[in-house]
Amino acid sequence: MGIHPSGTNEALQFWMAFWPALYSGLLYSIVTGIVVGVIVLFVQRHAEGKAARRSYVRELSIAKEQIREAMSCPNPFTISSAIESVPQSARAAIEVVRHWPISLWREELTDHKPLLDAIHELQLSYSQFKISAQHFDYLLQQFARDYNSKSNNISVNDPPLQSFILGRFSGFENAQILPWLSMPIQTVYPWIEGGFAEAEKNQELKSAHGEYIDKREKLQTMANALMQKLTA
């Protein structure tokens, strides 16, 4: 059947039926295309997400072994400065995890949340420790310079005094501290003992030391908790 001549009733009816059908078909095609596209995109993203999570799990397994190995080290108290007294197991773990996307893993690997939360807590504790230790070191430096200046001691004598005060404040005996003073002496010089006696009267120093010790103990606790999860 051909197209009816223009102007006839048949032609009018034809075009009245044609355009709605055309628009309906176009709309159906567009909607169908969008729906299919969304489904394909969803399936693709889901597949990519699963592949990414499998990759993250493999990487986490490698990271766990690296952290476990790094943390298997002694934890001596380094008396040279507050910042250097960081528990070695915590420092070693931080050095490893700084190279891995812990925040991303915490979002994606919910099955590993306890371990990743423990790593995150260690990172937070390490940052808090650094702040308190650096503050205490700064106060020690200021105190040592002020004390030695008044005692006519040159600045090369400041670090030994700082280390001695740190050691004594932290509960160590003179014999344990002497090897850290970088001085060829068998007994503590009177001016060092005098500096410590003055430091004991300094409430700002003692308060900063208490804060530093609290943060160090918390960091050690977080490191121990992480190690337990790594070996569980």
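The numbers here are math on the coordinates, done by the rules we state, and not lab data. All of these numbers come straight from a predicted model, not from anything done at the bench. Counting neighbours? That spans all protein chains shown, and the Cβs are built from the backbone with ideal geometry, glycine included.
Taking the Cβ of V57 as the centre, find all other residues whose Cβ is under 11 Å away and add up their charges (Lys, Arg: +1; Asp, Glu: -1). Mind dumping the intermediate values first?
On the way: positive: K50, R53, R54, R58, K64; negative: E59, E108, D111.
Every neighbour counted, the sum reads +2.
Explain nothing, just compute: Karplus ³J(HN,Hα) = 6.51 cos²θ - 1.76 cosθ + 1.60, θ = phi - 60°, for every residue of region 165-182 in order, whole Hz, x for Gly and Pro.
Calculated HN-Hα couplings, in order: 4, 4, x, 5, 4, 8, x, 8, 7, 3, 4, 6, 8, 3, x, 8, 8, 6 Hz.
Please work out the Cα center distance from region 200-232 to region 127-141, rounded to the nearest Å.
Value for the Cα centre distance between the two parts: 12 Å.
Over 19 Å between Cα atoms, which of K64/K113; K150/K206; K113/K218 qualify? If you can, show how the numbers build up before the last one.
On the way: K64/K113 13 Å; K150/K206 21 Å; K113/K218 21 Å.
Exceeds cut-off: K150/K206; K113/K218.
What does the extension gain come out to for E59 and K130, with contour length at 0.36 nm per residue minus their alpha carbon separation? Can you show the working numbers first?
Working: separation 71, 0.36 × 71 = 25.56 nm, distance 2.80 nm.
Result: 22.8 nm gained on full extension.
For region 200-208, take each phi angle, set θ = phi - 60°, evaluate the Karplus expression 6.51 cos²θ - 1.76 cosθ + 1.60, and give the result in whole Hz per residue in order, putting x for glycine and proline.
Whole-Hz 3J(HN,Hα) from phi for region 200-208: 4, 8, 8, 5, 5, 5, 5, 5, 5.
Given R₀ = 35 Å, what would the calculated FRET efficiency be for K229 paired with S207, taking r from the Cβ atoms and rounding to 0.05? All intermediate terms of the calculation are to be shown ahead of the outcome.
On the way: r = 34 Å, r/R0 = 0.97.
For K229 and S207, the calculated efficiency is 0.55.
Exactly which trypsin sites (Lys or Arg not before Pro) in region 178-232 are in a DSSP loop and have at most 16 other Cβ atoms within 10 Å?
Details: sites: K201, K206, K215, R216, K218, K229; in loops: K201.
Taking region 178-232 and a limit of 16 other Cβ atoms within 10 Å, the loop trypsin sites (Lys or Arg not before Pro) found are K201.
Report the residues of region 94-122 in range of a label on A52: point 7 Å along Cα→C-beta, backbone N strictly under 15 Å from it.
Inside the label zone: 101-110.
Would you mind ranking M227, M183, M222 so that the residue whose beta carbon has the fewest other beta carbons within 10 Å leads the list? Spell out each step's value before the answer.
Details: M227 19, M183 16, M222 24.
If I rank by nearby Cβ atoms, fewest first, I get M183, M227, M222.
Note down the net charge around P101, summing +1 for each Lys or Arg and -1 for each Asp or Glu among other residues with Cβ under 12 Å from its Cβ.
That works out to -1.
Convert each backbone phi in region 135-145 into a coupling constant with the Karplus relation 6.51 cos²θ - 1.76 cosθ + 1.60 (shift: θ = phi - 60°), then list the ³J(HN,Hα) values in order as whole Hz, x for Gly and Pro.
Once θ is set to phi - 60°, the couplings for region 135-145 become 5, 5, 4, 4, 5, 4, 4, 5, 5, 4, 5 Hz.
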